[in-house]
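Every number in this text was worked out from the coordinates using simple rules, so none of it is lab data. Computed from a predicted model, the values in this text were never measured in an experiment. Cβ placement follows ideal geometry from the backbone for every residue including glycine, while neighbour counts extend to all protein chains displayed.
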Amino acid sequence: MNLRRFAWVTDPHLNFVDLNRFERFANELTEQPIDGILLTGDVSEAEDVIWQIRRMVEHTGKPVYFVLGNHDFYHSSIDLVRSSVATSCKADPRMVYLTGAEPILLSNDWSLCGDDGWADGRLGDYHRSMVRLNDYQQISDFAGLSPAIRLPIIRRLGLTSAVRIRRQLEIARHVSRRSVVLTHIPPFREACLYDSKPADDNWAPFFTCHSVGWMLRRFCQRFPEHQVLVLCGHTHHQCVSLIADNLVVWTGHAEYADPKVNAFLDLAHLDLTAPAAWFNGQAPTSNGVVRPA
């Protein structure tokens, strides 16, 4: 497929966005030539997540390649939302749900992979943390469960995401030299900022997916010739992290009621072998990123 130019968006929370702001947002998505939109979750809430994605497709005329975030399951269950979304996407090929799908061969030797991910409680101090997420009241899988009973569930969700992404990457490495991976939850503590600092032991259990991070690091060690760019969200804080010479994670900025394009990416010029552009949590200003956030 000859797909190389993309607009990347994360955490738009479109259920908080009025019509005028949505129309400006839709116009911003196509202010530069693009072949598609990369969307890394927290689109809306369960009842209208597909409607919101379809609205993006219809306003821009471009396909949306996406994963879901934790808010997208609010007022429903994880399995029910995933099943409903997958069914809706089968009826409209312009909406491409990456979780559980085959990797997509793009252009310029890039593949596209993705999975929702889940904050899996493996980093930080889950049992002593005072953080309380609305997820555990708003998603039926967790409602009424104690933290101790909830922990193996979120660990299983994170591990399942890691297994699915690993499968995608194992396929992708045979057909391309580089992969873009979309996920919602930052897979490393270094890629998860809170108050401009990496998440501490209080926040890390609920804002990182260690299972996916461990898998990515291991994959990139095994296959140093394959470059991986991870795009994620969840924290609403921008962060760019060079995890290894062939593994870069970009966490996007977001604000409620004010969705924006995080970056326009041109895969024909994106070079992950230029580490100086990715150090110190600074958004790159070249190497294929036309307009950093």
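Hey, can you tell me all the residues within segment 18-51 that are closer than 24 Å to residue 99 by Cβ, in a loop (DSSP other than H, G, I, E, B) and of a type in the set (Val, Ile, Thr)?
Across segment 18-51, the qualifying residues are 34, 43.
With (1) crowded, with 24+ Cβ neighbours inside 10 Å; (2) over 23 Å from residue 104 (Cβ atoms) as the list, and residue 189 as the residue in question, which single condition is left unmet?
The single condition residue 189 does not satisfy is (1).
With respect to residue 212, is the statement that it is closer than 20 Å to residue 164 by Cβ, assigned to a helix (DSSP H, G or I) and touching a residue at least 60 places away in the same chain (Cβ under 8 Å) true?
Yes, satisfied.
Looking at segment 216-247, which of its residues are part of a helix (DSSP H, G or I) and among the aromatic types (Phe, Trp, Tyr)? I'd like the intermediate steps shown before the answer.
Taking segment 216-247 first, the residues part of a helix (DSSP H, G or I) are 216-222.
219, the sole residue that qualifies.
Name the residues in segment 173-184 that are under 18 Å from residue 38 (Cα atoms) and not polar (S, T, N, Q), would you?
178, 180, 181, 182, 184
Just need a number here: residues in segment 193-216 that are within 10 Å of residue 159 (Cα to Cα) and β-branched (Val, Ile, Thr).
1
Please verify whether residue 117 is outside any helix (DSSP H, G or I), touching a residue at least 24 places away in the same chain (Cβ under 8 Å), under 25 Å from residue 235 (Cα atoms) and within 16 Å of the chain's Cα centre (by Cα), treating the condition exactly as stated.
Answer is yes for this residue.
Could you identify the single residue in 54, 150, 82 that is buried (at least 16 other Cβ atoms within 10 Å of the Cβ), at negative phi, within 17 Å of the chain's Cα centre (by Cα) and not in a loop (DSSP other than H, G, I, E, B)?
82
When segment 213-235 is examined, which residues are found to be over 12 Å from the mean Cα position of the chain (by Cα) and surrounded by 24 or more Cβ atoms within 10 Å (Cβ to Cβ)?
213, 216, 228 - these are the residues of segment 213-235 that are over 12 Å from the mean Cα position of the chain (by Cα) and surrounded by 24 or more Cβ atoms within 10 Å (Cβ to Cβ).
Test of understanding: among 185, 165, which residue is part of a loop (DSSP other than H, G, I, E, B), hydrophobic (A, V, I, L, M, F, W, C), touching a strand residue (DSSP E or B) at 6+ places or on another chain (Cβ under 7 Å) and touching a residue at least 12 places away in the same chain (Cβ under 8 Å)?
185
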